[in-house]
Amino acid sequence: MAHADIHTHGHLHHGGSRGRLAFAFALTCVILVVEALGGWWSGSLALLADAAHMLVDAGALALAWAASVFALRPADARRSFGYARMEVLAGFVNALVQLLLVVGIVYEAIRRLLELESVHIQSGVMLLVAVVGLVVNAIVLRSLHEHDHDNLNTAGARLHVFGDLLGSVATVLAAVLVRYLDWAWADPALSLLVSLLILRGAFVLLRRCAHILLEGVPEGVAPDAIRIALATADPSIAEVHHLHVWQIASGSRMATLHARLRQGGDAQQALRAIQRMLHERFAISHVTVQIESSECVDLESDCEEPGAPHHHTG
């Protein structure tokens, strides 16, 4: 029996990603101050609420930046895979914060609908500040959307900035309706609509992060298809079993498997074929293969008989 670890690591994080997060954090802090001052000056609760929203998002962006830095730290004796999963934890926390934020928005919107008579807004100032916020948020979102589409940490940051952008759009529209049509109810009504959009994005991100943290099979990967493909990767391979596929972080797929060879099969040739197949066809970067020349050896579970149905999905 032979055992081999096959590593083909790519770069999970890039300096450009960290730079974009820092840029987004700086601009978010600037517009946060502008909206807070504008809300105080105009008496607009919508601007003050959006400023509070951006305060939460500024913290989330700082967390995302810190996660991208920690993820670059090398593996050590206690964390053999390093800190790459920090990006998933950051994305998970970001999604939870957004869910809590939605609760706050809904509460505030209902309160305003019940107290419309007491709301007095300088809609001109509100409109100006909201337009500035809209432009800045659009710039920040574009900077975060240029690369790293599979990076959950950056995805969490984009989710927050997208929420800011929607908030700015709603604030602009509310300011227009209040100023020109005297529809005071437009502000809380549009806030409820924005909260629903944010809720959907937060739920999607939360589900993706939870799936990775639970070591689920990566999206778009079918273990049965991998098993069949590997069985035909090289004539030396008789069958593949005990296949487990999971994901440490976005873009970092891993697998472990047992490969039983035919009598006289070349172990090194089979290992190279498995490595090539998994890397090129399934984008799996880290593979641990246990080579078996006869019966399966596994001290923790019963091994499958050759040709029996396989149901391991890792």
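An ellipsoid equivalent to the stretch 217-292, defined through the eigenvalues of its Cα gyration tensor, has semi-axes of 21, 11, 10 Å when rounded to whole angstrom and sorted largest first. For the listed peptides 238-249, 195-206, a ranking on the average number of other beta carbons within 10 Å per residue, highest first, reads 238-249, 195-206. Ordering Thr288, Thr28 by the number of other Cβ atoms within 10 Å of each residue's own Cβ, fewest first, gives Thr288, Thr28.
Neighbour counting of Cβ atoms within 10 Å sorts the residues Ser191, Ser44, Ser285, fewest neighbours leading, into Ser285, Ser191, Ser44. Rounded to the nearest 0.05, the FRET efficiency derived from the C-beta distance between Ala283 and Ala26 at R0 = 35 Å is 0.55.
Restricting attention to the stretch 217-292, close to 55% of DSSP beta bridges with both partner residues there are antiparallel. Measuring r between the beta carbons of Val33 and Trp185 and using R0 = 30 Å, the FRET efficiency lands at 0.55.
Dimensions of the stretch 12-213 based on its C-alpha atoms, expressed as ranges along the principal axes with the largest first, amount to 63, 27, 23 Å. Gain on full extension, evaluated as 0.36 nm per residue between His145 and Arg262 minus their Cα-Cα distance, stands at 37.2 nm. Between Val103 and Trp41, the distance separating the two model label sites (each 7 Å from Cα on the Cα→Cβ line) works out to 3.5 nm. In this simple spin-label approximation, Arg79 and Leu114 carry label points 7 Å from Cα along the Cα→Cβ vector, and these lie 4.5 nm apart.
Since every read-out is calculated from the coordinates, none of them should be taken as a lab result. This is a predicted model, so every value here is computed, not measured. Using ideal geometry, Cβ is built from the backbone for each residue, glycine included, and neighbour counts are taken over all protein chains shown.
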